[in-house]
1. Of LEU177, LEU23, LEU255, which is the most mobile in a GNM of the chain whose springs link Cα atoms less than 10 angstrom apart?
2. If a/c stays under 1.5 just call it rounded; otherwise compare a/b with b/c (prolate if a/b is bigger, oblate if not). Do that for the stretch 216-307, with a ≥ b ≥ c from the square roots of the Cα gyration tensor eigenvalues.
3. So if we plug the beta-carbon distance of ARG34 and MET1 into 1/(1 + (r/R0)^6) with R0 = 30 Å, what FRET efficiency do we get, rounded to 0.05?
4. Which of the three applies to the stretch 136-282, rounded, prolate or oblate, going by the alpha-carbon gyration tensor with a ≥ b ≥ c and a/c under 1.5 meaning rounded?
5. Of GLU78, GLU30, how do they rank once you tally other Cβ atoms within 10 Å and put the fewest first?
6. May I ask you to sort ARG68, ARG243 by Cβ crowding, counting other Cβ atoms within 10 Å and putting the fewest first?
7. Describe numerically, in nm with one decimal, the distance between label points set 7 Å from Cα along Cα→Cβ at ASP277 and at ARG95.
8. With angles folded into 0 to 90 degrees, how steeply does helix 16-33 sit against the dominant principal axis of the chain? Use alpha carbons for both and round to 10.
Amino acid sequence: MSFSLKNVISIKDFSKDDINFILKQAEEMEPVARSQKMSQTMAGKILGMMFYEPSTRTRLSFETSMKRLGGGVIGFAETGASSVTKGENLADTTRMVAEYADALVIRHNLEGAARYVSDIVDVPVINAGDGAGQHPTQTLLDLYTMKRVFGKIKGLNVALIGDLKYGRTVHSLSYALGMFGAKMSFVSPPELRMPQETLHDLKGANAVTQETNDINNVLDEVDVLYVTRIQKERFPDPEEYLRIKGAYLINSELLKGKDLIVMHPLPRVDEITPDVDDTKYGKYFEQAFYGVPVRMALLDALIKSFE
Ligand code: NCD
């Protein structure tokens with residue numbers, strides 16, 4: 001097993017081997033992520049963070065990962081405190097951060113932004129979310145969580161629920177689940193269906209998928225309910241958001257007697273009630289923790305192979 005990528009832009013760039021490599025390495029990283037073991041593999045290395053959109057878990061887990069490996073972190077968590085507010089363009093800002101850092105993590109509201117900057121700089125670039133596009137590192141931790149819970153991904157039955165149109169986590173995840181032979185149900189209001197392009201690609205890859213707008217159609221057959229937030233900030237029309245919000249509500253009553261786990265990339269708004277949090281179903285906080293060992297594995301692989 002080895003890792004062949006220089007940049008992490010889309011999950012479509014990964015081979016199965018690349019993904020398996022990261023998932024395996026992440027297991028080794030878990031004791032370091034839990035502070036039970038020390039590591040200095042990134043000592044002397046700097047990670048540059050460019051966040052043009054809000055983030056809690058992705059940014060903090062990247063920072064934690066780099067620091068747990070003995071490395072350092074620079075960058076900005078919002079554009080307000082950077083020269084972006086003075087009118088500096090994305091290319092110039094990126095070039096500068098790349099001069100200071102050994103790898104870049106970028107989150108941007110525009111689809112394609114990460115790919116664009118990866119063509120400008122020499123250091124590895126990691127896409128931490130580009131508009132409604134892709135969020136490949138979230139997918140790696142989602143796969144890791146499923147593997148940790150079920151011991152495998154192949155053959156799992158996974159329902160992706162909520163905003164499948166604008167949600168970048170489900171765009172990335174569906175490709176990977178298809179690659180690993182999981183079955184997928186896409187549960188959304190008709191207005192927020194999985195994009196045609198993704199459906200087409202999945203079909204071409206022989207992935208087994210079905211679509212429905214009624215969660216009750218899938219509750220008895222799925223192993224994983226992967227719930228997502230309706231992406232308010234991406235709606236061109238606020239009225240439409242108001243009409244659709246609250247389309248699905250996952251509570252412990254709905255889950256009673258079911259044999260499944262509930263995942264969510266977080267943040268949740270109102271789609272999962274807090275009474276699910278401490279049940280055997282709720283895996284989303286554990287899932288968020290796995291972002292650390294998975295991102296440690298990724299940083300280690302990328303920065304070492306770039307040396
Ligand atoms: C997601 C994102 O930013 O796409 N958050 C995350 O990284 N865990 C999901 C979301 O914002 O709904």
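1. LEU255
2. Cα axes put the stretch 216-307 in the oblate bin.
3. Efficiency, rounded to the nearest 0.05: 0.80.
4. Numbers: a/c = 1.56, a/b = 1.07, b/c = 1.46.
Note, shape of the stretch 136-282 comes out oblate.
5. Placing the least packed residue first, the sequence is GLU78, GLU30.
6. ARG243, ARG68
7. 4.7 nm
8. Computed tilt is about 80 degrees.
Each reported figure results from applying straightforward, stated rules to the coordinates on display, with no laboratory input. Everything numeric here is computed off the predicted structure, so don't read it as measured data. Every residue, glycine as well, gets a Cβ built from its backbone with ideal geometry; the counts of neighbours run over all protein chains shown.
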